[in-house]
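To start, the structure under review is shown below, and the notes come after it.
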Amino acid sequence: MNKAIFLDRDGTLNEDPGYLGDPEQVILLPTVGEALSILKNKYNFLLIVVSNQSGVARGLITEDDVKKVNSKLNELLSKYNVRIDEFYYCTAHPEFSSADECVCRKPSPKMILDASEKFNIDLSKSYLIGDNISDIESAANAGCKSILVKSGYGVETINMLQKQNKFPSFVAENLMDAVNFVIKDISGEKIGA
């Protein structure tokens with residue numbers, strides 16, 4: 001079976017200006033290219049983006065915009081000899097995401113489970129890295145470990161998680177810090193010992 005790193009997009013991999021629809025505004029966050037290259041090229045993780053893109057339902061961006069931004073992200077990552085293997089995204093509006101209308105919006109695990117089935121992924125050996133409470137809940141719902149990065153909404157999310165008594169597997173300063181946790185975790189090294 002394969003192992004994967006599931007990644008939120010905006011605020012985790014790239015700057016989040018809000019409802020990102022212009023590929024020319026895609027700016028990788030520091031360490032992202034190097035970190036993903038290590039995960040993919042040295043440790044053979046599949047890299048899969050799972051992203052809520054409610055800007056489509058809100059009429060602020062189109063699904064084509066989402067695809068162009070995803071393509072630009074891979075273009076920028078190619079400089080680091082790495083690319084995202086697959087992009088999953090949910091275009092539903094959060095206020096209208098009842099189970100009848102939408103089953104994929106995070107914190108639902110559906111995007112992760114769909115990827116797991118398609119790519120034969122062992123979720124117990126996989127991780128989700130994101131900056132939002134829905135990322136941490138989605139990982140828990142899917143049965144994989146979660147890493148909260150302090151980029152994007154990460155710092156605000158820490159406070160919300162503490163109030164709800166929910167905790168990710170690890171809180172990382174940035175994506176490279178998250179990668180260092182993954183490497184230590186898969187090697188069985190005691191973290192914080």
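Just so you know, all these numbers are worked out from the coordinates, no wet-lab data involved. Here the structure is a predicted model, which means the values were calculated and not measured. Note: ideal-geometry Cβ built from the backbone for every residue, glycine included; neighbour counts use all protein chains shown.
ASN2 versus SER78, label points 7 Å from Cα toward the beta carbon: distance in nm?
2.0 nm
For the chain, what percent of Cα pairs sit more than 24 Å apart? Present the calculation step by step, with values, prior to reporting the outcome.
Values: 6260 of 18528 pairs.
Counting every Cα pair in the chain, those more than 24 Å apart make up 34 percent.
Remind me, relative contact order of the chain in percent, using alpha carbon pairs under 8 angstrom and six or more residues apart?
Working: 348 pairs, mean separation 46.3, N = 193.
Computed value for the chain: 24 percent relative contact order.
In the chain, once you exclude exposed GluC sites (Glu not before Pro) (DSSP loop, at most 16 other Cβ within 10 angstrom), what's the longest stretch remaining?
Values: sites that count: GLU15, GLU101, GLU173, GLU189.
The longest uninterrupted stretch comes out as 16-100.
Top mean-square fluctuation among MET111, MET160, MET176, Gaussian network model of the chain, C-alpha springs under 10 Å?
Fluctuation is largest for MET160.
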